[in-house]
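**Student:** Quick one: this structure, given as structure tokens, is what I'll be asking you about.
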Amino acid sequence: MAEKRFTAGIGAANMDLHGRSRAALILHDSNPGFLHTSPGGVTRNILENLSRMGERTALFSAIGNDLYGREILASGEAVGMDMSHMLRCPDCGSSSYMALIDPEGDMFIGMSDMRILEHITPDWLKGQKNALRKADVIVCDPCLTPEALEWITSDALAGVPIFSDPVSTTYARRLAPFAGKLHCLKPNVLELAAMTGCEITGDADMERAADVLLERGTHCIVVSMGQRGCYWADRSGAKFYAALRPVSQMVDATGAGDAFMAGLLYAYLHRFPPERAARWALAAGIIAVTSAGTVSPGMSAELVNKILEENEL
């Protein structure tokens with residue numbers, strides 16, 4: 001693998017349970033709907049999207065000796081992910097996540113059990129150092145422990161650019177102390193506010209908050225803004241808003257951020273200029289929100305290019 005470009009992912013690999021209500025949700029009652037399970041986890045999902053785009057990927061995560069763990073392993077191998085670096089924890093349950101989706105396709109509530117990630121320790125990561133240093137880029141998620149994040153962003157992996165999605169306001173605060181060591185951050189507006197401590201009530205506030213992270217040392221900030229697209233700011237001086245034509249109907253919004261991040265990584269690996277990188281990532285996100293499940297089985301670089309051409313403003 002060292003002879004060819006690849007992306008290393010350090011973080012969550014789950015089994016996801018998604019439930020979508022067929023009608024308006026009624027709290028404290030049983031709701032008729034549609035249920036399905038699929039492999040998930042932010043880092044795993046990003047790598048699956050990248051693998052389906054034709055890129056080489058390697059996952060560094062933890063699984064238990066259970067049905068979920070075996071499914072996570074098999075599904076990764078099926079799309080070409082290198083799963084040889086997985087930590088096996090026979091006495092732990094594999095990571096799992098549950099999301100309840102409303103009839104419009106937006107997440108109503110989610111719940112996760114990722115305690116197994118506590119076994120991704122600095123000592124274990126040190127044993128993976130040689131493999132990680134061969135990566136062209138690393139993506140990690142803040143579901144890892146602060147100690148693991150500190151090691152990943154230390155001089156141990158100096159020279160390897162690191163991308164991260166803050167995932168939530170809680171995890172954004174965990175990631176904030178390491179922001180200056182990251183190449184690229186992809187927060188939404190709420191996560192950006194949590195990371196910087198800035199009050200954001202409009203675009204001007206958001207732009208100033210992004211500048212705060214640039215001043216801390218982050219090379220590139222891409223703020224996801226839902227149907228409005230995204231805001232890009234980097235230390236090279238590029239600052240702009242990007243958007244594509246909004247989708248007419250969302251099927252499932254839960255995988256949009258993972259596909260968007262995969263698009264940013266693909267753009268980085270292929271040295272796209274900033275404006276094309278942002279639009280390419282947005283097109284990948286469109287594929288996710290118009291597909292059932294966390295990762296679209298139809299994801300490919302060719303489809304992203306097609307969606308980009310069809311949805312340019």
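**Student:** Please go through region 51-98 and give me each residue that is aromatic (Phe, Trp, Tyr), within 27 Å of SER21 (Cβ to Cβ) and in a strand (DSSP E or B), ordered by number. Show your work before the answer.
**Tutor:** Residues of region 51-98 aromatic (Phe, Trp, Tyr): 60, 68, 97.
Still in the running and within 27 Å of SER21 (Cβ to Cβ): 68, 97.
TYR97 - this is the single residue of region 51-98 that is aromatic (Phe, Trp, Tyr), within 27 Å of SER21 (Cβ to Cβ) and in a strand (DSSP E or B).
**Student:** OK, next. Within region 155-204, take every residue that is at positive phi and at pLDDT below 95 and give me the one that is surrounded by the fewest Cβ atoms within 10 Å (Cβ to Cβ).
**Tutor:** My answer is GLY159.
**Student:** When you scan region 177-281 for strands (runs of 3 or more DSSP E) that lie fully inside it, which ones turn up with 2 or more residues that are β-branched (Val, Ile, Thr)?
**Tutor:** On the way: elements: 220-224, 230-234, 239-242.
Passing ranges, in order: 220-224.
**Student:** Let me ask another. Does region 209-231 include one or more residues that are without any contact (Cβ under 8 Å) to a residue 12 or more places away in the chain, of a type in the set (S, T, N, Q) and out of contact with any helix residue (DSSP H, G or I) (no Cβ under 9 Å at 6 or more places or on another chain)?
**Tutor:** Scanning region 209-231 turns up no residue that is without any contact (Cβ under 8 Å) to a residue 12 or more places away in the chain, of a type in the set (S, T, N, Q) and out of contact with any helix residue (DSSP H, G or I) (no Cβ under 9 Å at 6 or more places or on another chain).
**Student:** Right, another one. Of everything in region 68-101 that's of a type in the set (A, V, I, L, M) and at pLDDT below 95, which residue is nearest to ALA131 (Cα to Cα)?
**Tutor:** Quick first cut of region 68-101, residues of a type in the set (A, V, I, L, M) only: 72-74, 78-79, 81, 83, 86-87, 98-101.
Cutting the leftovers down to at pLDDT below 95 gives us 98-101.
Numbers: MET98: 32, ALA99: 33, LEU100: 37, ILE101: 38 Å.
Residue satisfying both the conditions and the ranking: MET98.
**Student:** Select, from ILE116, ILE109, the only residue that is touching a residue at least 12 places away in the same chain (Cβ under 8 Å), of a type in the set (Val, Ile, Thr) and closer than 19 Å to ASP16 by Cβ.
**Tutor:** Numbers: ILE109 fails: touching a residue at least 12 places away in the same chain (Cβ under 8 Å).
When all the criteria are applied, what remains is ILE116.
**Student:** If GLU310 meets every condition in (1) in a helix (DSSP H, G or I); (2) modelled with pLDDT under 95; (3) touching a helix residue (DSSP H, G or I) at 6+ places or on another chain (Cβ under 6 Å) apart from one, which number is that one?
**Tutor:** It is condition (3) that GLU310 fails.
**Student:** If you don't mind, another one. Is there a residue being in contact with a Gly (Cβ under 7 Å, 6 or more places away or on another chain) and of a type in the set (Ser, Thr, Tyr) anywhere in region 221-239? Talk me through it step by step, then tell me what you get.
**Tutor:** Quick first cut of region 221-239, residues in contact with a Gly (Cβ under 7 Å, 6 or more places away or on another chain) only: 224.
Applying the additional criterion that residues be of a type in the set (Ser, Thr, Tyr) yields 224.
Yes, because at least one residue in region 221-239 is in contact with a Gly (Cβ under 7 Å, 6 or more places away or on another chain) and of a type in the set (Ser, Thr, Tyr).
**Student:** Within region 229-261, which residues are at pLDDT 95 or above, under 16 Å from ASN188 (Cα atoms) and of a type in the set (A, V, I, L, M)?
**Tutor:** ALA233, ALA242, ALA243, ALA259, MET261
**Student:** Related question: Assuming GLU48 fulfils every condition listed in (1) surrounded by fewer than 23 Cβ atoms within 10 Å (Cβ to Cβ); (2) not in a loop (DSSP other than H, G, I, E, B) apart from one, which condition is it?
**Tutor:** That leaves (1) as the condition not met.
**Student:** Right, next: Which is within 25 Å of HIS36 (Cα to Cα), surrounded by 16 or more Cβ atoms within 10 Å (Cβ to Cβ) and modelled with pLDDT under 95, of GLY110, GLY105? Steps first, please.
**Tutor:** Values: GLY110 fails: surrounded by 16 or more Cβ atoms within 10 Å (Cβ to Cβ).
After applying the criteria, what remains is GLY105.
**Student:** Ok, one more. Does HIS36 count as modelled with pLDDT under 95, out of contact with any helix residue (DSSP H, G or I) (no Cβ under 8 Å at 6 or more places or on another chain) and either crowded, with 22+ Cβ neighbours inside 10 Å or aromatic (Phe, Trp, Tyr) (or both)? Steps first, answer last, please.
**Tutor:** Working: modelled with pLDDT under 95: yes; out of contact with any helix residue (DSSP H, G or I) (no Cβ under 8 Å at 6 or more places or on another chain): yes; either crowded, with 22+ Cβ neighbours inside 10 Å or aromatic (Phe, Trp, Tyr) (or both): no.
So HIS36 does not fit the description; no.
The values are calculated or read from the model by the stated rules, or taken from the named source; none is laboratory data. All of these numbers come straight from a predicted model, not from anything done at the bench. Cβ sites come from the backbone with ideal geometry, for glycine too, and all protein chains shown count toward neighbours.
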